[in-house]
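The values are calculated or read from the model by the stated rules, or taken from the named source; none is laboratory data. In this text the structure is predicted, and so the values were computed from the model without any measurement. Here the Cβ is made from the backbone with ideal geometry for all residues, glycine too, and neighbour counts use every protein chain on show.
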Amino acid sequence: MKVVIVGAGAVGTFLAEDLSTSGHDVVLIEEDAGVIGRLPTPRKYTTMAGDACEVPTLQLAGAAGTDVIVATTGDDEDNLVISLLAKQEFAIPRVIARVNHPKNHWLFNETWGVDIAVSTPHLLSALVEEAVSVGTLVRLLNFNASDARLVEVRLAAGSPAIGATIADLGLPRGATVVALLREGRVLVPRGDTGLSSGDEILLLMTGDSEEVVRNLLVSQ
């Protein structure tokens with residue numbers, strides 16, 4: 001897989017090292033050549049000095065044949081411009097952008113070419129809520145381009161789903177169970193898998209399915 005990462009800060013360099021170690025073809029772009037010069041060597045990924053907010057820089061990085069671009073700079077405006085160029089000029093299939101300031105999160109959507117926006121404060125908030133919430137539907141991750149989202153619910157004692165199988169639930173077409181966590185173990189969900197109090201269910205679903213899923217799994 002060909003990956004272009006923009007921004008040689010702690011996040012960008014970690015991703016570059018991790019993905020290249022996994023065998024992916026990685027190009028790391030950084031506007032400040034001095035920052036590149038201070039990166040540890042040897043490196044398994046390619047580095048390039050340049051402004052990724054400009055089309056020629058992305059062309060030189062091979063954006064036309066890239067599978068994923070990740071904008072990890074510390075500037076939200078730059079990350080949005082990079083995402084828009086990646087999608088509109090190069091039709092890159094997957095565009096991931098870092099959100100530095102939570103109040104800007106609403107901007108990181110398909111209008112700006114963003115497929116997945118990663119906001120650390122929002123993610124931490126979801127994880128905290130997931131850790132302490134029983135009987136509520138917790139949204140973990142949004143996939144902006146398709147209106148899909150990953151949600152989690154821990155079944156409370158009064159959930160209408162307890163005692164039923166996954167097939168019995170009658171989930172809408174826009175929702176599917178992707179994993180089931182029970183007593184610290186991950187179970188592969190099947191139609192005949194029964195549900196018990198305390199089960200943690202991960203679902204991938206569209207926004208218009210959320211209310212139906214809530215009624216099926218959450219105590220009234």
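What's the total number of residues in the range 15-43 that are over 22 Å from the mean Cα position of the chain (by Cα), surrounded by fewer than 15 Cβ atoms within 10 Å (Cβ to Cβ) and not aliphatic (A, V, I, L, M)? Spell out how you get there, then give the answer.
Kept after step one, since they are over 22 Å from the mean Cα position of the chain (by Cα), are these residues of the range 15-43: 30-43.
The next check asks that each one be surrounded by fewer than 15 Cβ atoms within 10 Å (Cβ to Cβ); those that pass are 32-34, 37-38, 40-42.
Imposing the further condition that a residue be not aliphatic (A, V, I, L, M) reduces the set to 32, 34, 37-38, 40-42.
Matching residues across the range 15-43 total 7.
Counting just the residues of the range 184-205 that are without any contact (Cβ under 8 Å) to a residue 12 or more places away in the chain and either not assigned by TED's automatic domain parsing to the domain that holds PHE143 or not β-branched (Val, Ile, Thr) (or both), which one comes out farthest from ALA167 (Cα to Cα)? Steps first, answer last, please.
Residues of the range 184-205 without any contact (Cβ under 8 Å) to a residue 12 or more places away in the chain: 184-188.
Going one step further and asking which of them are either not assigned by TED's automatic domain parsing to the domain that holds PHE143 or not β-branched (Val, Ile, Thr) (or both), we end up with 184-185, 187.
Working: GLY184: 23, ARG185: 21, LEU187: 15 Å.
Restricting to residues being without any contact (Cβ under 8 Å) to a residue 12 or more places away in the chain and either not assigned by TED's automatic domain parsing to the domain that holds PHE143 or not β-branched (Val, Ile, Thr) (or both), the top hit is GLY184.
Among the candidates THR46, THR72, single out the residue that is surrounded by fewer than 16 Cβ atoms within 10 Å (Cβ to Cβ) and among the hydroxyl-bearing types (Ser, Thr, Tyr). Talk me through it step by step, then tell me what you get.
On the way: THR72 fails: surrounded by fewer than 16 Cβ atoms within 10 Å (Cβ to Cβ).
Testing whether each residue is surrounded by fewer than 16 Cβ atoms within 10 Å (Cβ to Cβ) and among the hydroxyl-bearing types (Ser, Thr, Tyr) leaves just THR46.
Using the structure shown, decide if GLU77 is outside the structural domain of ARG139 (by TED's automatic domain parsing), in contact with a Lys or Arg (Cβ under 9 Å, 6 or more places away or on another chain), in a helix (DSSP H, G or I) and of a type in the set (Asp, Glu). Give the steps one after another, and end with the answer.
Details: outside the structural domain of ARG139 (by TED's automatic domain parsing): yes; in contact with a Lys or Arg (Cβ under 9 Å, 6 or more places away or on another chain): no; in a helix (DSSP H, G or I): yes; of a type in the set (Asp, Glu): yes.
Answer is no for this residue.
Would you be able to say whether some residue in the range 101-114 is closer than 22 Å to PRO56 by Cα, in contact with a helix residue (DSSP H, G or I) (Cβ under 8 Å, 6 or more places away or on another chain), aromatic (Phe, Trp, Tyr) and modelled with pLDDT of 90 or more?
yes
Before we move on, is ALA126 buried (at least 17 other Cβ atoms within 10 Å of the Cβ), modelled with pLDDT of 90 or more and within 19 Å of the chain's Cα centre (by Cα)? Working first, answer last.
Numbers: buried (at least 17 other Cβ atoms within 10 Å of the Cβ): yes; modelled with pLDDT of 90 or more: no; within 19 Å of the chain's Cα centre (by Cα): yes.
It is false that ALA126 is buried (at least 17 other Cβ atoms within 10 Å of the Cβ), modelled with pLDDT of 90 or more and within 19 Å of the chain's Cα centre (by Cα).
Yes/no per residue for (1) polar (S, T, N, Q); (2) farther than 30 Å from LEU84 by Cβ; (3) touching a Gly at 6+ places or on another chain (Cβ under 9 Å):
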| residue | (1), (2), (3) |
| --- | --- |
| THR136 | yes, yes, no |
| GLU152 | no, yes, no |
| THR176 | yes, yes, no |
| VAL188 | no, yes, no |
| GLY191 | no, yes, no |
| LEU202 | no, yes, no |
| THR206 | yes, no, yes |
| ASN215 | yes, yes, no |
| SER219 | yes, yes, yes |
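Going by the structure shown, is ALA179 modelled with pLDDT of 85 or more and out of contact with any strand residue (DSSP E or B) (no Cβ under 9 Å at 6 or more places or on another chain)?
Values: modelled with pLDDT of 85 or more: yes; out of contact with any strand residue (DSSP E or B) (no Cβ under 9 Å at 6 or more places or on another chain): no.
Judged against the criteria, ALA179 is not a match.
Mind telling me which of the residues THR41, THR47 ends up being more than 23 Å from LEU85 (Cα to Cα) and β-branched (Val, Ile, Thr)? Lay out the reasoning, then the answer.
Working: THR47 fails: more than 23 Å from LEU85 (Cα to Cα).
The unique qualifying residue is THR41.
Exactly one condition in (1) at pLDDT 85 or above; (2) under 30 Å from ASP75 (Cα atoms); (3) not basic (Lys, Arg) is false for LEU202; which is it?
Going through the list (1) at pLDDT 85 or above; (2) under 30 Å from ASP75 (Cα atoms); (3) not basic (Lys, Arg), LEU202 breaks only (2).
So which residues in the range 166-220 are surrounded by 13 or more Cβ atoms within 10 Å (Cβ to Cβ) and part of a loop (DSSP other than H, G, I, E, B)?
Across the range 166-220, the qualifying residues are LEU171, PRO172, GLY174, PRO189, THR193, LEU195, SER196, SER197, GLY198, ASP199, VAL218, SER219.
Cβ contacts < 6 Å: first residue touching a residue at least 12 places away in the same chain (Cβ under 8 Å), restricted to the range 29-51; second residue in a helix (DSSP H, G or I) and of a type in the set (A, V, I, L, M, F, W, C), any location; separation 6+ or different chain. Result?
These pairs meet every condition: GLU30/ILE36; TYR45/ALA16; THR47/ILE36; ALA49/ALA33; ALA49/ILE36.
What's the number of the condition ASP18 fails, among (1) without any contact (Cβ under 8 Å) to a residue 12 or more places away in the chain; (2) more than 14 Å from VAL70 (Cα to Cα); (3) in a helix (DSSP H, G or I)?
Status for ASP18: all satisfied but (2).
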